[in-house]
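The structure appears below as structure tokens.
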Amino acid sequence: PLSHVFERMVTYSYMAAGATIYYPEHAGVLMRDLREAKPHYFAAVPRVLEKFYAGITAAAARRPPWVRRIMAWAIGLGNAYKTGRTFPPAYWIQLALADFLVFRYWRRALGGQVKGIMAGAAALRPQLGRLFSAARIHVREGYGLTESSPVVAFNRFEPGGRFGTVGIPIPGVEVNIAITGENEEGEIWVRGPGVMMGYYNRPEETRQTIDTDGWLHTGDVGKFVHKRFLQITDRQKDLFKVSGGRYVAPQSVEKALMESPYIENCLVAGADRPFVSALILPDFEQLEAWCAKNNIHWTAPQFMALHPKVNRFIQQEVERYSEQLPPYQRVKKCILLHEPWTELSGHLTPTLKLRRSLILRQYEKELAELYKEGK
């Protein structure tokens, strides 16, 4: 939304550069407007890119088997892509072929002239950053807060960025990690000329947020990787302890699960519980294609979310994509839902982040029953 500080900063940057700015009529016609405007750059929250990718894979699932195999091969090549990495000539030859067969059509769907996409306001799945960049749709993730005006760090479009990070702090901005947890993680503190003077008429809140040395306590948890690249791991207020005493970063777990093409959205729960669980919204388009291949009669989503075979399959996907996580963070059980989470329903913020407390309250009984069964 135009009132969001990220969009304001991007708009001012376009104005300063003398660029022409196009505004989509509304989210429902975004792809149409991208094809019409043929932008060189645009800013987006990660959910927009996730939906674009989901649309691509859903369309491929309806095509003949040989098309699906080519698409899977091209995506596999893209997932292996890393900026600055030296690949053997055979990889680049294959990537050029994948570009001719698959990726050029992705670029055409975005207008055909996209040089770069700035992603912010929520966490971008590293897999998507790698895949789109391999397809010459260069995605770069940044980080900031309203209180820091907003940019703190970002990945440059020049070679050398790191997927899964928000890049290098911008000139003039200091970033400090108040290490309190494992793996050199801790709350991110920021100091610099972009930090706000304070909250209007809220001196006590200001004192709690900005210390006497001028450090803004962001409430975000992160660490430096590869020496100077900032990686955000979660929000401090979202971290929770399982009953075994270990801290779980739910956003990291959610990002891992949403690597599955069959999971559209999810929320990880388990505070003070014996194990981690999840509320999962399947991607019903992808799921319908899977059901067709596995001779499962398809009905309405509310019935498919209760289907035993569908539940077993999604649980297998959860286990598969949880393997990369520490054992105490792996999702042991999940609940499938059918009603989408949207901004209109109140489940998502205007930048499409989860309203965690509201969702957890709504499904409190179902989660209680899940843990009762898990004893």
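The values are calculated or read from the model by the stated rules, or taken from the named source; none is laboratory data. Predicted model, so just to flag it, every value in this text is computed and none were measured. Every residue, glycine among them, receives a Cβ derived from its backbone with ideal geometry; neighbour counts consider all protein chains shown. What goes into the accessible areas is simple: the full protein's heavy atoms, side chains included, and nothing from ligands, DNA or RNA. Shrake-Rupley method; radii C 1.70, N 1.55, O 1.52, S 1.80 Å.
For this structure, a couple of remarks:
- The charge dipole of segment 42-161, taken about its Cα centre with unit charges on the Cβ atoms of Lys, Arg (+1), Asp and Glu (-1) only, comes to about 460 debye.
- Projecting the Cα atoms of I280, Y328, Q302 onto the dipole axis of segment 249-357, where Lys and Arg carry +1 and Asp and Glu carry -1 at the beta carbon, places Y328 farthest toward the positive end.
- For segment 124-270, the mean projected area of the C-alpha convex hull, equal to one quarter of the hull surface, is 10.8 nm².
- Of all the options N176, N265, N295, the one that moves most in a Gaussian network model of the chain with Cα springs shorter than 10 angstrom is N295.
- Antiparallel content of DSSP bridges confined to segment 231-375, in %, to 5: 65
- With a threshold of 18 Å on the Cα-Cα distance, the over-threshold entries among K255/K332; K237/K333; K115/K255 are K237/K333; K115/K255.
- Once both labels are positioned 7 Å from their Cα atoms along Cα-to-Cβ, the gap between T20 and E323 label points is 4.9 nm.
- Semi-axis lengths (Å, descending) of the ellipsoid that matches the C-alpha gyration tensor of segment 113-170: 20, 11, 10
- Simple Cβ-charge dipole of the chain, Lys/Arg +1 and Asp/Glu -1, about Cα centre, in debye nearest 20: 1160
- Applying D = kT/(6 pi eta Rh) to segment 40-85, where Rh is the Kirkwood radius over alpha-carbon pairs, T corresponds to 37 °C and eta to 0.692 mPa s, the Stokes-Einstein value obtained is 265 µm²/s.
- Where labels lie 7 Å past Cα in the beta-carbon direction, separation of R32 and L306 in nm: 3.7
- Taking all C-alpha pairs of segment 6-92, those more than 15 Å from each other amount to 73 percent.
- Of all the options P274, P282, P159, the one that moves most in a Gaussian network model of the chain with Cα springs shorter than 10 angstrom is P159.
- Sorting I93, I137 by accessible area puts them as I93, I137; the probe is 1.4 Å, largest comes first, and only protein heavy atoms count.
- In the elastic network of the chain, a GNM with C-alpha springs shorter than 10 Å, the most mobile of T212, T349, T11 is T212.
- Kirkwood-based shape ratio for the chain, expressed as Rg/Rh from alpha carbons: 0.96
- Antiparallel bridge percentage (DSSP; both residues within the chain; nearest 5): 70
- Whole-angstrom Cα spans of segment 279-375 along principal axes, big to small: 38, 35, 27
- In terms of the mean number of neighbouring beta-carbon atoms within 10 Å, the peptides 196-208, 219-231 order highest first as 219-231, 196-208.
- Heavy-atom accessible area for E36, with the other protein chains in place and a 1.4 Å probe, reaches approximately 140 Å².
- Over the chain: helical MRE at 222 nm, DSSP H runs n ≥ 4 each giving -39500 (n - 2.57), nearest 500: -10500 deg cm²/dmol
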